[in-house]
Amino acid sequence: MSASDVLVLAEIQRGMLADITLELLAAARQLTAATGGSVLCAVLSDDGQSHASALAAADRVLLVNDPQLAAYAPEPYVAALCEIVRAEQPCAVLIGGTSIGWDVAPLLASRLDIPLVTGCRAIQAEGEGLAVTTAFCGGKLLADVQVTARPAVLMVLPGSCRAAAAPGRAQIEVRTLAAPLESGAVRFQEWVLPAAGDVDITQQDILVAVGRGIQQQDNLALAEELATALGGAVCASRPVVDQGWLPATRQVGKSGMTVRPKLYLAFGISGAPEHVEGMQSAELIVAVNTDPKAPIFDAAHYGAELDALDLLPALAEAATARKGEASQSA
């Protein structure tokens, strides 16, 4: 136990460790490099041991195994986490800015009567406290917050930190809770999954994203052609999904999916903060827009001031031709 330790809540969905967990571990590692503490990771599950090997970036993995934690529900999660925080007294508790995080973090802070900071983009140790850069108003505004109370609950935005990769070093500790966990008023019923056959855009290396600049649904065929030639998938900003041109599973942004492809091609997307929040961690971002002042250019590595409908067919033709040349030479 150390007041300079940082505790991360592992997020588990459908029995799998969510990507945000590894991002939080990376943020915690950066923070403890300054505080001199250890990175702790709380795994709340019915069989946490199965996830331990993926959490090598932590110094200590704290497993709480209980049937009530087999599927996420806020009350047993918060009860178990409260007990861990009281026992460890870390300087900060990092929780993802996800749907689960929005359940757990406010309840945890309220139960323990400790500060809660949401929308965290950057966290640094500063003197005896923490300096946190937080986004609000849909990412349009940033604020620098000084957190002096310990511990504090910090909700970290997905994509704020690259996922941690480290050799196996974590010490595994199985925790027994002082009191049995009880189910609360909110109980898990079932997962409602996307229709079978739809693409999981969070797992794609190449994404062709379209926005209002696509103008009409028929023009989606141009984006599909390019995506097929590149071996990627089509996604969209919210206006396209709101029109019903693509399903919600293809939406990128704060109210959609967070993606981290190797290549993100944005055609006719203005670049509202809500959209940028979901794709800013892509390795390479190329934006195409007729408006030279479109905010998307601020997030892009490369940009072209062109009509997306003029460029899409040319790119698809070039990519198809290159693909054909590669297959012939092979």
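Tabulated results
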| read-out | value |
| --- | --- |
| Part-to-part distance (alpha-carbon centres) for segment 292-307 and segment 17-75, which is given in Å | 38 Å |
| Helix 19-35 vs. the chain, principal-axis angle (Cα, 0 to 90°, nearest 10) | 60 degrees |
| Virtual spin-label span in nm between Glu190 and Asp205, 7 Å along Cα→Cβ | 3.7 nm |
| Cα-based convex hull, segment 187-269, per residue volume (Å³, whole number) | 107 Å³ |
| Under-24-angstrom lysine pairs by C-alpha in the chain, whenever the two are 8 or more apart or on separate chains | 5 |
| Residue of Gly256, Gly271, Gly244 that the Gaussian network model of the chain assigns the largest fluctuation, springs spanning Cα pairs under 10 Å | Gly244 |
| Exposed-loop-free span, longest in the chain, where GluC sites (Glu not before Pro) count as exposed if DSSP calls them loop and at most 10 other C-beta atoms lie within 10 Å | 191-330 |
| At R0 = 35 Å, FRET efficiency that the Cβ-Cβ distance of Glu317 and Ser255 yields, to 0.05 | 0.55 |
| Hull-based mean projected area of segment 6-174, where the convex hull spans the alpha carbons, in square nanometres | 8.8 nm² |
| Euclidean distance of C-alpha centroids, segment 125-154 and segment 204-239, integer Å | 37 Å |
| Using alpha-carbon coordinates, inclination of helix 220-230 to the longest axis of the chain, degrees | 80 degrees |
| Length added when fully stretched, Leu263-Ala54, from 0.36 nm per residue minus Cα-Cα | 72.7 nm |
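Here, each number is a calculation from the coordinates, and none is a lab measurement. Owing to the predicted nature of the structure, the values given are computational and were not obtained by experimental measurement. Note that we place each Cβ from the backbone using ideal geometry, even for glycine, and neighbour counts take in every protein chain shown.
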